[in-house]
Each structure stands twice: as C-alpha cells, then as structure tokens.
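The values are calculated or read from the model by the stated rules, or taken from the named source; none is laboratory data. These numbers come from a predicted model, not from an experiment. We place every Cβ from the backbone using ideal geometry, glycine too, and count neighbours over all the protein chains shown.
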Amino acid sequence: MRKMLLGVMILSLVLVAQDLPQGEDGNAFSFFGGMGADFMNDTLWFSLSLQPELSLGPVGVGLDIPFRYSPQVGFRTADWDSPSDIMATIRYLRLGKKYSPFYFRIGVLDHVTLAYGFLMDNYTNTIDENTRKSGVLIESDMKKFGAQVLYSNLGKPEVFGLRAFVRPIWFVTPIPIIRNFEIGGTYVKDFHPDADIAMASFDAGLPLRLADLFSLTFYYDYGKALNYGSGTALGVRTDIRLPSNLVQVSAKFEKRRITNQFIPSYFDPFYEAQRAWKDSVLASYNGNFDGYYGELYATALGKLKLGGTYTYFMDIPYSGRIHLVLDATQVIKDWPLLVMWDRDGIESSKDIVFLGKDEHTVFTFVISHRLFWKVYGTGTIQQKFAYNEATDTYDPLRKYGFMVGVKL
C-alpha cells in the first residue's frame, strides 16, 4: 500500500507542477503548446499538447487537447474513444473569479477545500491524465450566507460535496469585529461503487482582521464518518502581508482528536487513486488518537514561494509526514523552477532525512528555460526508491521527461 501511495504522490506532484505556472485569472489570452517525450513503464510516448486559455472579464475557458504516439503501440486512441474523453478536452469553463460573490467552474477541479479542510482538503478530481474528468464547482459568498457545491464527475456518479454557512451576527448588528462569525455544515459522499463512504461535519469560525496587513481566524470542526467514527479539530489560521507585497506569510495549526475509524481530510489530493481501499483503512483504525497538523507558506515579492505541511498522530508510530515546496516559477522569467519533496514514516527528528534513500521519500524537480522568443524547454525529474531484496539496498527509480513548448 505504501508503494502505491508513493507512486500516486509522484503522479500528483507532477500534475501540480504542470498547473502552477498557469492561472485561469491571468492574461486575457494565453497559450501553451508543446512537443515532448516520456519514457514510462518500458513504453516511449511522444506527445503533442495544446492548452489555450481565454479570459474575457468574468468568463474564462481553458482547453487541454492531447495527442500521443508510441512506436510500440501507435496512436493512443484511449484519449478519444468516449464522450467523457471528448468533454475532458475542455479543461475548464468558468463564470466569475475565485472569492467573488459568485463563482462557477466546469471541468478539471484543482485543489478544492470545503470549509477549513477537515473533510475535504485540496481535493483534485483528476490526478491521472489517462482518466481525465469533468466536474462542477459552484461557490457563492453573499456576506450574510453562502455555499460551496462540488460534483467530481459529470460522466458518472462519484464525489458530491456541499457546504453551507451563515454569518448570523450580520442580521442583527453591524459590529465589524464579530459580525463575520460563521457557522456551517458540510456533507461529502462518494457514490462510486468501489467506495462506501459518506461524511458530515459542523464548523464554527471567527476571522479577525486586526489591520490591513494582518488577519487571524479561530475555528472549530467536528467531523463524522457516517457508520464509522468521528474527530474534532481546534485550529488557528493567520495571514500576514507586508506593504508593497514584500512578504506574505500564511500559517495554520490544528490540534486534532480522532476516535475509532476516522481519517481527517479524507478527501485529499490522492483520494481519486486511493478510493478502492481507503475505506478499509478507515475501518481498521482502532483507538483514540491525538495529533497535530501544521502548515506554513511564505511568498516574497509575490513571486518566490516556500513552505510546507506537517502531520503527526502521537499514538500512531511513524505517522509523521512532511511536504515541502519551493516555487520559483515566477522569479527568473527565463528559468522557471519548481522543487517538491515529500517524506512519510516519521517518528522523530532523526527520521527527517532530506536525501533519504528509502521508500519514504519522493522528490520532484521541474525546470524550464526560454530558448528564444516565447519558446520554452521544460525538463522534469521524479525520483523515489524501491527496496531490492537481492542486494538489501534501495534502488533509485527515476522518470525523466522533456518538452518544448510555446507560451503566449
């Protein structure tokens, strides 16, 4: 199971790396097109990718049109042999922008979080480009109340999520400090036949904007896996922004209490690949566990991003997990760079080995270079390690990729 998880992590991180330099709310028109080659599972694939994006005020559209050919297999017809594949070429259609009073998106859903993330945190409906999906996300914030609605796959019944919230003090008093007190409820269910899970939660939070440069949010979450166990989280989130966008810091810390058969942030970035067995892992959890979750991210001049997350349960040996990311894709125009590092199986500080050569470490490195005009070459290296019983050592497993593309 651990090897499967690490493999999913590599794939997920590659997709995250591809998405970071592109933004749906950026220029009025952008285009990325490229040709490249990847060697995976003893098969060489040549690819042509066309990814135009058009933004006209509140309306935006992004396409993802793949063509792949292998000398051993031929053209990959699996990318075009069903209506869902055709629909999946529309990466997204949107109306509105994030954090506006109304936002609607259909297509690939990236990094969706409901409420404070206790049930769904950074969920992505498509982590495998071979099985792309089109989902729907609707978000509305009308100050006094609002909602989030998610459906992961228009092609068949899968993940459905709903979060509704109300700010009751808005109805009775204009006092600015406490009027944003918020209470909400969340329900998430996976209708896929391989899954048997539904979750519900109640949350309450009080955001405090102490100044234009500093905000603080205190919150509480109670979550219940229906027919299973429950858990609680008491947390605080803070955002600091210095003048002229010099430095922006975002931090979050939670104290978690978990009872039998509950996993916080169950619908996470890797859920789509884990659904077939994740409910059995949930059912196997016995006992009560106290744990902590923390994240810290910093951005300099709105461009250089550095941060990570850490999770640990005190009563579960080797449950610690760290994710670190360095995003310098916006720092040097001609040399966009992204580095990510993940390590699990952590029990104490001695297990935090940056260059650890074992199955607990995943490393991803993506770098581009502007060759001329707006033509970029992009190289990707992913590495993990697999245990070799014959030699009693860990062998490196590397994947290399290279693409030449145009960014307008």
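With respect to being hydrophobic (A, V, I, L, M, F, W, C), under 26 Å from residue 183 (Cβ atoms), in contact with a Ser or Thr (Cβ under 7 Å, 6 or more places away or on another chain) and touching a residue at least 40 places away in the same chain (Cβ under 8 Å), residue 109 fits the description.
Filter segment 213-233 down to the residues that are at pLDDT 95 or above and touching an Asp or Glu at 6+ places or on another chain (Cβ under 7 Å), then identify the one that is nearest to residue 285 (Cα to Cα). Per the criteria, the residue is 232. Mind checking whether some residue in segment 248-264 is in contact with a helix residue (DSSP H, G or I) (Cβ under 6 Å, 6 or more places away or on another chain) and assigned to a loop (DSSP other than H, G, I, E, B)? Yes, that holds for at least one residue. Among the residues of segment 45-60, how many are outside any strand (DSSP E or B) and buried (at least 16 other Cβ atoms within 10 Å of the Cβ)? Selection size over segment 45-60: 0.
The number of residues in segment 131-162 that are among the small types (Gly, Ala, Ser), closer than 23 Å to residue 225 by Cα and surrounded by fewer than 18 Cβ atoms within 10 Å (Cβ to Cβ) comes to 1. For residues that are surrounded by 15 or more Cβ atoms within 10 Å (Cβ to Cβ) and closer than 17 Å to residue 345 by Cα, scanning just segment 317-326, find the one that is modelled with the lowest pLDDT. Residue satisfying both the conditions and the ranking: 319. Candidates are the residues of segment 322-354 that are outside any loop (DSSP other than H, G, I, E, B) and of a type in the set (D, E, K, R); the one that is farthest from residue 310 (Cα to Cα) is 327.
Quick check, is residue 398 without any contact (Cβ under 8 Å) to a residue 40 or more places away in the chain and surrounded by 14 or more Cβ atoms within 10 Å (Cβ to Cβ)? The answer is no for residue 398. Would you confirm, using the coordinates I've provided, whether residue 201 is over 29 Å from residue 261 (Cβ atoms), hydroxyl-bearing (Ser, Thr, Tyr) and either under 22 Å from the mean Cα position of the chain (by Cα) or not in a loop (DSSP other than H, G, I, E, B) (or both)? No, not satisfied.
Looking at segment 59-105, which of the residues that are polar (S, T, N, Q) and closer than 21 Å to residue 126 by Cβ is nearest to the chain's Cα centre (by Cα)?
Filtering segment 59-105 for residues polar (S, T, N, Q) gives 70, 72, 77, 82, 84, 89, 100.
Then drop every residue that is not closer than 21 Å to residue 126 by Cβ, which leaves 77, 82, 84, 89.
Numbers: 77: 28, 82: 27, 84: 22, 89: 20 Å.
Of everything passing the filter in segment 59-105, 89 is nearest to the chain's Cα centre (by Cα).
Just give me the residues in segment 327-347 being under 22 Å from residue 385 (Cβ atoms) and either of a type in the set (Val, Ile, Thr) or surrounded by 16 or more Cβ atoms within 10 Å (Cβ to Cβ) (or both), in sequence order. Answer for segment 327-347, where residues must be under 22 Å from residue 385 (Cβ atoms) and either of a type in the set (Val, Ile, Thr) or surrounded by 16 or more Cβ atoms within 10 Å (Cβ to Cβ) (or both): 338, 339, 340, 341, 342, 343, 344, 345, 346.
Would you mind listing the strands (runs of 3 or more DSSP E) fully within segment 84-188 where at least 3 residues are under 26 Å from residue 209 (Cβ atoms)?
Values: elements: 90-95, 102-107, 135-141, 145-151, 159-166.
Counting at least 3 such residues, we get 135-141, 145-151, 159-166.
Yes/no matrix, rows are residues, columns are (1) crowded, with 17+ Cβ neighbours inside 10 Å; (2) touching a Leu at 6+ places or on another chain (Cβ under 6 Å):
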| residue | (1), (2) |
| --- | --- |
| 268 | yes, no |
| 276 | no, no |
| 283 | no, no |
| 287 | no, no |
| 301 | no, no |
| 306 | no, yes |
| 349 | no, no |
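Between a first residue in segment 295-324 that is in contact (Cβ under 8 Å) with a residue 24 or more places away in the chain and under 15 Å from residue 361 (Cα atoms) and a second residue that is loosely packed, with under 14 Cβ neighbours inside 10 Å and not aromatic (Phe, Trp, Tyr), which pairs have beta carbons less than 6 Å apart while being 6 or more apart in sequence or on different chains? These pairs meet every condition: 318/347. Only residues that are assigned to a loop (DSSP other than H, G, I, E, B) and touching a residue at least 40 places away in the same chain (Cβ under 8 Å) were counted in segment 224-247, giving 3. Pairs are defined by a Cβ separation below 8 Å, a sequence spacing of at least 6 or placement on different chains, a first member in segment 171-185 that is under 16 Å from residue 218 (Cα atoms), and a second member that is loosely packed, with under 11 Cβ neighbours inside 10 Å; the pairs so defined are 179/173. All of 374, 384 fail the test of being on the phi < 0 side of the Ramachandran plot, among the charged types (D, E, K, R), modelled with pLDDT of 75 or more and over 27 Å from the mean Cα position of the chain (by Cα), apart from 374.
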